[in-house]
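Inspection log for the structure reproduced underneath, given as structure tokens.
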Amino acid sequence: MRIRKRLRLVAALLSIVAFTVIAGCGLKPGIAQLYAPGGTGYGAQGALPGQPAVPGQSGTFAGAPGGTELDALPGSTASGQQYGTAGTGGTTAAARGSGSGGQAAGPTAQAVAGPADTTGVTESTIKIGLHAPVTGAAAFPQRSFERAVGVYASYINSRGGINGRNLKVLFRDDGFDPNKARAVCKDLALQQKVFLIIGGAGSDQIDSCARYANSVGVPYISAGVHETRPGLGPLSALSTYYAASLTYEQQSPLLSRLVTQQFSGQKIGLMVASNDSLDNYFAVQQESLERAIGDNLEFAERVPKTIQSEAPTIAAQICNSGVEAVVWNGAPSGLINVSKSMTCDVRFLGPGNTNGINIVATGGCPQLDNAQFFSGFPQLDKINQLDPAFEPAYRKENDGADPDDIGIAMWGIEKLISQMLAAGGKDLSRQSFMAALDSGQTFSNNVYPPVNFGQSRFGGTGMHLLRADCSQRQFITERLNVK
Amino acid sequence: MITELGIAVINGVFIGCVYALVALGIVLIYRASGVFNFAQAEFGTTGLFAAYAGVVLWGWPYWLSFLFGLAVAMAMGLATERLVINPLRHASRVTLLVGTAGVALAAIGIQFWKSNEQPIRQMPKIVNGIAAEPFGTAVTYQHLVTLGVLIVVAAALAVFFRSPSGLALQAAQQEGTAAELVGISVRRVSMMTWGIAAVLGGLAGILSGPNLTFTAGYLTFGAGAALLPGFMAAVLGGMRSMPGAVAGAMAVGVIEQLGSLSIFGYYTGGGAMMLFFFLLIVLLVRPQGLFVRKAVAT
């Protein structure tokens with residue numbers, strides 16, 4: 001009787017745990033239906049036959065400034081266009097001896113040579129996939145994604161497409177969950193048969209999907225995240241992986257320089273989420289800060305990936321330490337929750353991209369006023385100057401709706417991918433596409449800083465620096481193309 | 001180390017206040033109907049969303065929005081009782097458990113559906129400001145209000161269970177037919193229980209929401225996740241003891257915060273690990289809970 005009672009209690013507890021785990025996956029009812037079965041394609045319509053194709057390679061808009069440096073940091077290079085410039089190599093955590101091995105050029109297209117693989121390419125269309133979180137701890141507004149995905153595809157399709165083919169973009173929600181990311185990428189690769197996959201945000205999700213894409217030979221392009229993962233090796237070793245902006249490790253010296261210039265002689269802290277994919281970044285950033293500011297690095301700690309009840313304790317630790325600023329790399333919701341529990345004024349800085357979006361400023365202000373984060377894409381205050389085509393195209397596609405920064409991010413990545421696809425030639429195949437990337441050609445489009453994979457699969461050459469302006473509750477572009 | 005311990009205890013107690021409100025609701029329903037109510041936390045999130053809509057979207061006064069949030073939570077509790085629990089009253093406990101889980105998931109789905117335009121939201125505080133900073137941790141007026149509400153609620157429940165209505169509630173749970181025979185409406189008692197429990201959940205949501213940002217599923221798995229800690233607290237209290245649930249919630253809150261000590265800094269989930277070990281030991285040593293006397297076999 002007693003044993004049965006205990007078993008009943010244990011069973012009840014297990015049920016509670018199972019329910020919480022299942023619910024915690026954050027699957028949003030309706031999302032799957034929204035894009036499946038088959039997914040809603042964006043941008044495949046609207047081609048105007050007879051119109052000249054937009055040159056896709058190293059394209060800049062006439063009259064638009066090319067990578068302006070607004071207020072260059074001393075020591076940072078003025079940007080300009082980077083035609084033929086080698087991309088930066090990967091960064092190694094010397095302290096741990098577990099570097100990514102990104103210094104050498106990544107695997108070349110020869111590694112995946114064979115019969116031309118034209119999956120996802122027909123005479124009239126190129127189908128690509130994109131995954132990003134619209135649910136979970138780094139949830140982005142669903143409506144923003146619905147509006148943003150496919151805007152550039154429609155724009156370029158209306159101008160003749162890419163070498164005469166229309167671009168079609170399929171979107172999937174990865175729920176900020178690596179397992180779900182892998183599942184949606186499997187769907188995109190095997191069921192939807194896309195030509196390539198784009199990783200929108202979230203280091204663990206990008207890592208998970210990139211490794212899966214590599215296993216099935218699908219080109220995978222993402223914003224730069226971590227470079228390596230314990231036990232799984234560097235992302236640069238994957239034959240189909242390309243990072244289109246600086247990795248976290250590559251951004252670490254930029255952050256250290258920013259800290260040195262703004263907080264000279266003051267105490268600084270470092271907090272990085274405890275995902276193992278950020279182990280190398282943590283070591284690299286810690287080493288970089290120690291070199292830059294020595295003993296003024298007051299603490300270097302890991303925080304939970306998803307910060308819940310721990311927020312007040314982390315906030316108290318920050319305030320008790322007396323630091324002026326914290327270099328932060330963790331989930332945006334965690335950043336907001338910690339800042340809300342703080343009793344002191346501390347500036348946050350960090351690598352891009354997700355902490356620099358306006359939903360973070362909306363949720364984190366006024367505590368996050370003047371927070372600075374790097375980003376692969378500029379903010380609303382600069383996009384019209386950099387790419388005048390964006391706003392009209394966005395409004396046209398969305399019944400006059402005001403654009404947001406998710407729109408800029410999606411526009412930029414689709415534009416970049418379009419340039420890369422055009423570089424793959426008329427007889428586009430996965431081999432010709434990757435050969436074009438590996439050739440050392442620079443892709444520059446005035447949204448993302450120039451990208452070049454000649455030296456490394458980590459092809460970013462700079463980052464934009466954003467600053468939270470709580471009077472407007474949004475980020476503004478402080479500097480462009482910081483190197 | 002002393003500072004870290006102080007921070008953990010203070011934050012643990014204030015987080016424990018929220019867990020306690022959830023745990024009280026869980027215990028109340030378990031005592032009245034023997035149901036493990038997985039929707040308890042979602043009563044709170046739904047109430048929070050309603051209060052947020054009142055204050056932020058519609059510009060209502062705070063007190064009115066607060067009451068509106070509690071009313072919506074109560075309506076959800078009553079609807080759950082009428083539409084799920086009552087029709088399934090003769091079903092097994094597992095079926096009822098799944099039914100309440102279904103209510104929670106449906107609520108979370110609706111919250112996602114309605115809130116994704118702005119997935120991260122902020123509820124204003126009742127009173128802004130920091131009352132004290134012991135060990136450098138912020139004790140806000142909002143925390144103190146939550147603690148005060150918990151004390152009042154706990155006292156009110158203690159009085160309630162000694163009142164005719166409270167005794168009717170216990171009678172209806174222990175022997176429904178006999179209770180009906182002496183004039184107690186089991187149906188009304190059941191609705192009253194679910195209504196009170198939903199208000200307790202609503203209080204947890206509306207009072208804790210301003211401390212963090214909130215999203216769909218806020219009290220179930222979001223930033224304010226209190227369902228699992230609430231169940232743990234209720235189990236520690238023996239699933240029947242109200243004071244036990246409150247004390248259990250405080251214990252859960254503090255132990256969870258101890259996982260944030262720097263000695264666990266590199267281990268993700270240190271708090272959860274400590275909690276589970278603690279609960280496991282309690283269940284093995286005192287399966288009836290810490291605050292309930294062992295039942296005597298008859």
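Rule-based calculations on the coordinates, nothing more; no lab input. What you are looking at is a predicted structure, and each value in this text was computed from that prediction instead of being measured. Note that each Cβ is placed from the backbone with ideal geometry, even for glycine, and that neighbours are counted across all protein chains shown.
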On a 21 Å Cα-Cα criterion, which of the cross-link pairs A:Lys382/A:Lys483; A:Lys305/A:Lys340; A:Lys186/A:Lys305; A:Lys168/B:Lys114; A:Lys168/A:Lys415 come out too long?
A:Lys186/A:Lys305; A:Lys168/B:Lys114
Over all directions, what mean area does the Cα convex hull of segment B:23-221 project, stated in square nanometres?
12.2 nm²
Debye calculation, C-alpha points only, no solvent: report log10 I(q)/I(0) for segment A:400-483 at q = 0.11, 0.17, 0.18, 0.20 Å⁻¹, in the same order as the q values.
-0.39, -0.78, -0.84, -0.96
If you take each beta carbon of peptide B:131-143 and count the beta carbons of other chains within 10 angstrom, what is the mean?
4
What is the fewest-to-most order of B:Tyr218, A:Tyr241 by other Cβ atoms lying within 10 Å of their Cβ?
A:Tyr241, B:Tyr218
Residues of B:221-232, mean number of Cβ from any other protein chain within 10 Å of their own Cβ, rounded to a whole number?
5
Please identify the DSSP H helices in chain B that span no less than 30 Å along the helix axis (Cα) and have a mean Kyte-Doolittle hydropathy of 1.6 or more.
B:2-33
What's the exposure ranking of B:Leu78, B:Leu83, going from fewest to most Cβ atoms within 10 Å?
B:Leu83, B:Leu78
With the Cα gyration tensor of segment B:63-136 in hand, convert its eigenvalues to equivalent ellipsoid semi-axes via √(5λ) and list them largest first in whole Å.
33, 17, 15
Low-density loop cleavage sites - GluC sites (Glu not before Pro) in segment B:24-122, where at most 12 other Cβ are within 10 Å (DSSP)
B:Glu117
Whole-Å distance linking the alpha carbon centroid of segment B:182-215 with that of segment A:370-403 is 45 Å
Fewest first, what order do B:Trp194, B:Trp60 take by the number of other Cβ atoms within 10 Å?
B:Trp60, B:Trp194
For the peptides B:138-145, A:263-270, B:160-167, what is the packing order when you average, over each peptide's residues, the other Cβ atoms within 10 Å and list the highest mean first?
B:138-145, A:263-270, B:160-167
Within the set of other residues whose C-beta is less than 10 Å from the C-beta of A:Gly217, count the net charge using Lys and Arg as +1 and Asp and Glu as -1.
0
Summing Lys, Arg as +1 and Asp, Glu as -1, what charge do residues with Cβ under 14 Å from the Cβ of A:Asp187 carry, A:Asp187 excluded?
+4
If you count, for every residue in A:334-341, the Cβ atoms of partner chains within 10 Å of its Cβ, what is the mean?
4
Trypsin sites (Lys or Arg not before Pro) within segment A:177-257: DSSP coil, no more than 16 neighbouring Cβ in 10 Å:
A:Lys193
Local electrostatic count, B:Pro210, Cβ distance below 13 Å [Lys/Arg +1, Asp/Glu -1]:
+3
Expressed in whole Å with the largest first, what are the equivalent ellipsoid semi-axes of segment A:225-380 derived from the C-alpha gyration tensor as the square root of 5 times each eigenvalue?
24, 18, 16
Please list log₁₀ I(q)/I(0) at q = 0.12, 0.18 Å⁻¹ for segment B:1-120, using the Debye equation with identical point scatterers on the alpha-carbon positions.
-0.56, -1.00
Can you tell me which of B:170-183, A:416-429 comes out highest on packing, and rank the rest after it, using the mean Cβ neighbours within 10 Å?
A:416-429, B:170-183
